[in-house]
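Peer 1: Below is the structure I would like to discuss, written out as structure tokens.
Computed from the coordinates by the stated procedures, all read-outs in this text should not be read as laboratory data. Fair warning: this is a prediction, and the values are worked out from it, not measured in the lab. FYI the Cβ positions are ideal-geometry reconstructions off the backbone, even for glycines, and counts take in every protein chain you see.
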């Protein structure tokens, strides 16, 4: 039960990350000159975050007499670009803060160089029906001119002396995509806000959108978390199976069985190494026997044996049929210099490699 808790927490984290990456839905309104032109390229496109988005793929006339369709998308910028098809465009994304991180709304304008019908801009300071001329001059700038009449001859709101006017994005702003303050000389904007400019000529068009980049990053994080969850699941399954079946027989170079039994049942030493603990079989399944004999077959005292090993007079020997890799590991484990001996985890790892790659052949 305890082994499944980390998996449950990882799955919960994955769910939260996935929800965060797919949680924002934008309403994409496309506006046309009339109902008959709804299958053509739109004049203007608006994106915003509604309380509830309701898609309408059939062209309709809304309460402001605007003709268009509504889509619900998670990536507003790419949707707006794709909606213009092969036509040129200018897009302004409006934010509430100077770092351009708090989205307010976005508006896209079709570039024709002629007078085009906009829509009733309730999100702007004007809050009325506007017309516009969008151009991309050869010097690399982007220019939007706003008007209050259908022939694009008047820039002044009849209810005030404030001009809708024109706004221009320098070439450097388009190329860098930097966050800049809105041009409040135009009555088309509210009293506060910042913007990022995009166009069909922008250097940004060749790369990935912000939403796509976020999606890729979050997708990688989710994949890594799922990979960790899989590793943990495999680890706990192997650990559970490792507790079943099998007996080991060990031959000790020392006659001190008491010290071995103490290590097996105590709280320190090799037998309590984390890696060994995870891989070992139950202690009651381990069988040992003592063989500390000299060349004449007589039992050798532990102190004498240790002294001869230290002096290099006694050395562990292996049968000629033993795999060379196991022989080398055995010599390393009984090296006189402690620095030459592998740790329990290292020895276990090397044994696993030998079994899987050499003895399995």
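Peer 1: Out of region 174-200, which residues are assigned to a loop (DSSP other than H, G, I, E, B) and without any contact (Cβ under 8 Å) to a residue 24 or more places away in the chain? Lay out the reasoning, then the answer.
Peer 2: Residues of region 174-200 that are assigned to a loop (DSSP other than H, G, I, E, B), as a first pass: 177-179, 182-193, 200.
Those that are assigned to a loop (DSSP other than H, G, I, E, B) and without any contact (Cβ under 8 Å) to a residue 24 or more places away in the chain: 178, 183, 184, 185.
Peer 1: Here is a follow-up. Please determine whether any residue of region 136-143 is farther than 25 Å from residue 39 by Cα, in contact (Cβ under 8 Å) with a residue 60 or more places away in the chain and part of a strand (DSSP E or B).
Peer 2: no
Peer 1: State yes or no: is residue 94 in contact with a helix residue (DSSP H, G or I) (Cβ under 6 Å, 6 or more places away or on another chain) and either within 17 Å of residue 164 (Cα to Cα) or part of a strand (DSSP E or B) (or both)?
Peer 2: Here the answer is no, as residue 94 does not meet what is asked.
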